[in-house]
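Chemist: Below are the structure tokens for one structure; questions will follow.
The values are calculated or read from the model by the stated rules, or taken from the named source; none is laboratory data. Because the structure is a prediction, the values reported are computed rather than measured. All Cβ positions, glycine included, derive from the backbone under ideal geometry; neighbour counts span all protein chains shown. Accessible surface areas use protein heavy atoms only, side chains included; no ligands, DNA or RNA. Shrake-Rupley method; radii C 1.70, N 1.55, O 1.52, S 1.80 Å.
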Amino acid sequence: MENLDRGVVAVSIGEGKVYIGWRLLANDPDAVSFNVYRTTGSITVKLNQQAISGSTNFIDTKADQSKLNSYFIKPVVNGKELLQSTPYILPANKPAQSYISVPLQIPPPGEVMGSKYTYSANDASVADLDGDGAYEIILKWEPSNAKNPPQTGFTGNQVIDAYKMNGQLLWRIDLGKNIRSGAAYTQFMVYDLDGDGKAEMICKTADGTIDGKGNIVGDSTKDWRRYGDPQGNMYGKVADGPEYITVFDGVTGVILATASYITDRYPLNGWGGIGGNGGNDNTASRSDRFTACVAYLDGKLPSAVFVRGWYGRSVLAAWDWRNGKLTSRWVFDSKDKDNPYSGMGNHNLSVADVDNDGKDEICIGAMTVDDDGKGLYTTGLRHGDAIHLSDLDPSNPGLEVFGIHENEERTIALNTPGVAQFDARTGKVLFSLAPGVDVGRGVAADIDPRYPGFENWGGPGGLRDTKGKTISNKTPSSANFVIWWDDDLTRELLDKNRIDKWDWNNDTTINLLTAEGCVANNGTKATPCLSADLFGDWREEVIWRTADNKELRIYTTTILSSKRFHTLMQDPQYRLSIAWQNTSYNQPPHTGFYFGEGMKEVRKPVIQFPQTSNK
């Protein structure tokens, strides 16, 4: 895994106080403690009297904030200080605000077929692109005329940027006119795929894709978009021409390798099945539904896995980037609508080592593929819009999956449940509810400490415990993302530009933060650009865009924590969930062990770091 630095962050919280947070790392000795230092001009002072051992944050009450201050951390082991962290610089007269601003360079507006469009910042990912131990932000820009696959019409080009945290633009990749823009089309995976300490980006490309240095994929003269009758059911779609998969260098955005995409779209009418409404089409709709992820399929180095098809046929193609070569590792193909693995794909997916063999499996909704590319099980629960995979129920050995499922039109007669939870290793359904009911939103998270494990809500039944039993007829104000924000082990609610807390005593929701001037993405999905443990202590940050798209704001908690955990980004399952978070209908990340009220242990990650990294 990437070799992270301390992730020191310092923000002014008003009344002359500065909040400082930093990471506890997986390779730290158990007995490590920390000293916190502030440098003002030529004067450096240690802020704490005793080395800090019970948490990874601190509040400085004596800083002269009219001057530039920088903060750094020194680990202490056996009474001796080790090398200091990279300093975090807090500019003079910085106003009290719990966010860091990352300025953006908005792509210029455009026009296609007489229709003008502009760009909005959309889904983001993070990775250490240059090997310095700090994250960069990779951002997808969405044109205002983006489409879902059933919709006809032309779209603006899909653009992807990479930024340093200070707003420095590293590169811009234009996927070109032959990649349609929309949530279902471009899933960009950013991860250190070859273990050299620097991350790459891999995604679907086409003729005319332009890399970060102006190099072209395929034939830039080709235009594979459908023209003809604007009222036709294929107008503006891309249903012809070659499809590629390309690995880009993380530092420069330059093409490293390109291969033919697996699998192609043909036959266009070969992607229907019992998922969703049970229909089919030949108009490049079901054939152009994609998800993607990163998984450690050999337990050592990560592979990229690209999925085509949700409602019927599903094809998972695993790719390795090793020693400068892009190769196909395996292909799983459910082949036809009658295969029991068909119609089980979600608008999202999750990755976890569900059988505890040190290698990852891919759960694409109601079915799971083993690390060797063979089907592990299918539940028959069919397609859904949301999935949560973690140790949801500590009383059941291993991991569980909670999901909600569609029942529409001809598939209502199948009477499959709208809500279900199943064992992640075996696929055994642990509880199911609402047969034949169409459920569009659902969440599982520990939000009530009075009940063990993850509560769940969405569909009939109010707020439920791990067994599906109703514990409150009222539900939280949102069924979207969740986030660790305050000092307890329950999770908070993340929706639109708000962070709220479920008040379990009064069955109501309390607002903790409203990000003024910020807006959410993806329409009614109302998701952030990204939520993840980006820096500071073990709690999560959230990235929103401003309404004018001129900056990203990374909000970090300033609530002092009395707890200490390794950074969540060094839990393998959680880290992989940050890679796939940008996939289609975005979902929140979860750890690979039970993290919540009453947790009996914190699993220390057993991971290795790149030997060539300069950290």
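Chemist: Search the structure for amide H atoms under 5 Å from the amide H of ARG441, placed 1.01 Å from N in the peptide plane, and list their residues when 5 or more places away or on another chain.
Modeler: Those qualifying (amide H under 5 Å, at least 5 residues apart or on another chain) are GLY459.
Chemist: Further question on the same structure: Check each of the GluC sites (Glu not before Pro) in segment 461-542 and keep only those in coil by DSSP with at most 16 other C-beta atoms within 10 angstrom; list them in order. Don't jump to the answer; show the numbers that get you there.
Modeler: Numbers: sites: GLU492, GLU516, GLU540, GLU541; in loops: GLU516, GLU540.
For GluC sites (Glu not before Pro) across segment 461-542 that sit outside H, G, I, E and B with at most 16 neighbouring Cβ atoms in 10 Å, the list reads GLU516.
Chemist: How much accessible surface does TYR185 have with a 1.4 Å probe, in Å² rounded to 10?
Modeler: That residue has around 20 Å² of solvent-accessible surface.
Chemist: Compute the accessible area per residue over segment 275-423, keeping the other protein chains in place, probe 1.4 Å, unit Å². Each step should come with its number before you reach the end.
Modeler: Values: 4450 Å² over 149 residues.
With all protein chains present, segment 275-423 gives 30 Å² per residue.
Chemist: Give me the percent of accessible area attributable to carbon and sulfur for the chain, probe 1.4 angstrom.
Modeler: Working: 10730 of 22150 Å².
Exposed carbon and sulfur together represent 48 percent of the surface.
Chemist: Using the Kirkwood formula over every pair of different C-alpha atoms, what hydrodynamic radius in Å results for segment 379-484?
Modeler: Details: mean 1/r = 0.0731 Å⁻¹.
So the Kirkwood estimate lands at 13.7 Å.
Chemist: From the P(r) of segment 1-55, could you give the percentage of C-alpha pairs in the tail past 16 Å?
Modeler: Values: 818 of 1485 pairs.
The calculated P(r) of segment 1-55 puts 55 percent of pairs beyond 16 Å.
Chemist: If ligands, DNA and RNA are left out, what is the accessible area of CYS363 with a 1.4 Å probe, given in Å² to the nearest 10?
Modeler: The accessible area of CYS363 comes to roughly 0 Å².
Chemist: Could you tell me the accessible area of LEU24 in Å² (1.4 Å probe, neighbours in place), rounded to the nearest ten?
Modeler: Counting only protein heavy atoms, the figure is 10 Å².
Chemist: Any of LYS147/LYS496; LYS80/LYS563; LYS74/LYS359 with alpha carbons more than 26 Å apart? Name them for me. Present the calculation step by step, with values, prior to reporting the outcome.
Modeler: Working: LYS147/LYS496 21 Å; LYS80/LYS563 23 Å; LYS74/LYS359 35 Å.
Beyond 26 Å: LYS74/LYS359.
Chemist: Still on this structure: Bin by bin, in steps of 5 Å, what percent of the Cα pairs in segment 285-420 do you find, going until the bin that has the longest distance?
Modeler: 2, 11, 20, 23, 20, 13, 7, 3, 1, 0, 0
Chemist: Can you tell me which lysines have their Cα less than 19 Å from the Cα of LYS198? Leave out same-chain residues fewer than eight positions away.
Modeler: Partners within reach: LYS164, LYS213, LYS300, LYS325, LYS615.
Chemist: Suppose we look only past 36 Å in the calculated P(r) of the chain. What percent of the Cα-Cα pairs does that tail hold? Write down the numbers at each step before the final one.
Modeler: Values: 65027 of 188805 pairs.
The proportion of pairs with Cα distances above 36 Å equals 34 percent.
Chemist: I've got another one for you. Return the sequence-ordered ³J(HN,Hα) values of segment 286-297 in whole Hz as given by the Karplus equation 6.51 cos²θ - 1.76 cosθ + 1.60 applied to θ = phi - 60°, using x for Gly and Pro.
Modeler: 5, 6, 10, 10, 10, 9, 7, 7, 10, 8, 8, 7
Chemist: For segment 543-602, what is the convex hull (Cα atoms) projected area averaged across all directions, in square nanometres?
Modeler: 6.0
Chemist: Using each residue's phi in segment 366-378, evaluate 6.51 cos²θ - 1.76 cosθ + 1.60 at θ = phi - 60° and report the 3J(HN,Hα) Karplus result to the nearest Hz, with x for Gly and Pro.
Modeler: 10, 8, 9, 9, 6, 4, 8, x, 9, x, 8, 6, 10
Chemist: Continuing with this model, one more query. Using DSSP to call loops (not H, G, I, E or B), can you name the trypsin sites (Lys or Arg not before Pro) in segment 254-332 whose Cβ has at most 12 other Cβ atoms within 10 angstrom?
Modeler: Values: sites: ARG265, ARG286, ARG289, LYS300, ARG308, ARG313, ARG322, LYS325, ARG329; in loops: ARG265, ARG289, LYS300, ARG313.
Here the trypsin sites (Lys or Arg not before Pro) that fit, given the DSSP loop and packing criteria, are LYS300.
Chemist: Could I ask something else about it? Compute the Cα gyration tensor for segment 458-615, then decide on rounded, prolate or oblate, letting a ≥ b ≥ c be the square roots of its eigenvalues: rounded whenever a/c is under 1.5, prolate when a/b is larger than b/c in the other cases, and oblate in all that remain.
Modeler: Values: a/c = 1.66, a/b = 1.17, b/c = 1.42.
Oblate shape, in that a/c is at least 1.5 and b/c is the bigger or equal ratio.
Chemist: Could you pull out every residue, at least 5 positions away or on a different chain, whose amide H is within less than 5 Å of the one on LEU493? Hs are placed 1.01 Å off N in the peptide plane, and Pro or chain starts have none.
Modeler: The answer is ILE483, ASP500, LYS501, TRP502.
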